[in-house]
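Beneath this line is the structure, given in structure tokens, with notes to follow.
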Amino acid sequence: MQSTQTTQPMQPTQSTQTDVVTPSAHRRPDLLAYRAPFVISKLLMNKTVTTEREAEALFRELVRYLWLVDSDRSRAYPMFSLRVDEAWHQFALFTIEYADFCRRFFGRFLHHAPSNAPVTHACREATWDEFADAYSALYGEPPPELWSDASSVCGPRRVIRDREVSVRLSDGKAELVDGDAVLVRVDAWGEAALRFIARHGIFYVRELPGLDLDDRIALCRALVASRTLRVAP
């Protein structure tokens, strides 16, 4: 299970403040119990999630991610989920609350950088398997399925296509292609759905023509997993 990387590997810098609290293991229970109802509301408002429970789960994984990367500074950990990353985006917009959270639990401000920001870390970037192993060692369980953005794809979910694609027919199959690279191949009856994807940059999964709902979901999950589509916030 590996989702799209959306931000640079996190490698926090040391704070220049003199009154910060040094992070330590005894702060972990308080950190994992931290709640941010204002972030939950924003995730519901912008339709990143459909339920409050789902929003709480995303925020929980964000907090776990931040603790993990602060606990192991020997590697730079990418953000592997766009949806967990969206929880981070929304939290950071509440600048006072986010800054207080960082100081309280980490003793410094944890910066969030987009994927095209200048690289400032010197550590080796962790792979998904290394992240999963570190997560399991720290929390006693593997990363939950929501770390795979493809798992969140459902009929009411919006997805976004950022790359230019086209459709061609070959040996009775319909193929979605990027240049010469075949992104997905389906039976000819799925041609209408692929042409819809090629024409629309953003759409709801349920809008795909010519397929039943299960096939629409399966197709979009495969395309999200291959990074041809991404889940919309």
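The values are calculated or read from the model by the stated rules, or taken from the named source; none is laboratory data. What you see is a predicted model; the values in this text were computed from it and never measured. Glycine gets a Cβ as well: all are built from the backbone with ideal geometry, and neighbour counts include every protein chain shown.
Collect the residues in segment 135-152 that are assigned to a loop (DSSP other than H, G, I, E, B) and surrounded by fewer than 14 Cβ atoms within 10 Å (Cβ to Cβ), keeping them in residue-number order.
Residues satisfying the conditions are 140, 141, 142.
Conditions first: (1) surrounded by fewer than 18 Cβ atoms within 10 Å (Cβ to Cβ); (2) at positive phi; (3) in contact (Cβ under 8 Å) with a residue 24 or more places away in the chain. Residue 155 passes all but one, so which condition is the exception?
The failed condition is (2).
Out of 126, 132, I need the residue that is among the small types (Gly, Ala, Ser), farther than 20 Å from residue 224 by Cβ and surrounded by 15 or more Cβ atoms within 10 Å (Cβ to Cβ). Which one?
Working: 132 fails: farther than 20 Å from residue 224 by Cβ.
After applying the criteria, what remains is 126.
Take the residues in segment 46-68 that are under 23 Å from residue 28 (Cβ atoms) and in contact (Cβ under 8 Å) with a residue 60 or more places away in the chain; name whichever of them is surrounded by the most Cβ atoms within 10 Å (Cβ to Cβ).
Applying the filter and picking the extreme gives 58.
Would you check if there is a residue in segment 92-108 being within 30 Å of residue 206 (Cα to Cα) and either in contact (Cβ under 8 Å) with a residue 12 or more places away in the chain or hydrophobic (A, V, I, L, M, F, W, C) (or both)?
So in segment 92-108, the residues within 30 Å of residue 206 (Cα to Cα) come out as none.
The answer is no; no qualifying residue exists.
Can you tell me which residue is modelled with the highest pLDDT among those in segment 101-117 that are in contact with a strand residue (DSSP E or B) (Cβ under 9 Å, 6 or more places away or on another chain) and not hydrophobic (A, V, I, L, M, F, W, C)? Before the answer, list the steps.
The first filter runs over segment 101-117 and keeps only residues in contact with a strand residue (DSSP E or B) (Cβ under 9 Å, 6 or more places away or on another chain), leaving 110-117.
From the residues that got through so far, the ones that are not hydrophobic (A, V, I, L, M, F, W, C) too are 111-112, 114-116.
Working: 111: 87, 112: 84, 114: 61, 115: 55, 116: 49.
Filtering segment 101-117 for residues that are in contact with a strand residue (DSSP E or B) (Cβ under 9 Å, 6 or more places away or on another chain) and not hydrophobic (A, V, I, L, M, F, W, C), the one modelled with the highest pLDDT comes out as 111.
Looking at segment 168-226, which of its residues are over 24 Å from the mean Cα position of the chain (by Cα), surrounded by 14 or more Cβ atoms within 10 Å (Cβ to Cβ) and part of a loop (DSSP other than H, G, I, E, B)?
210, 211
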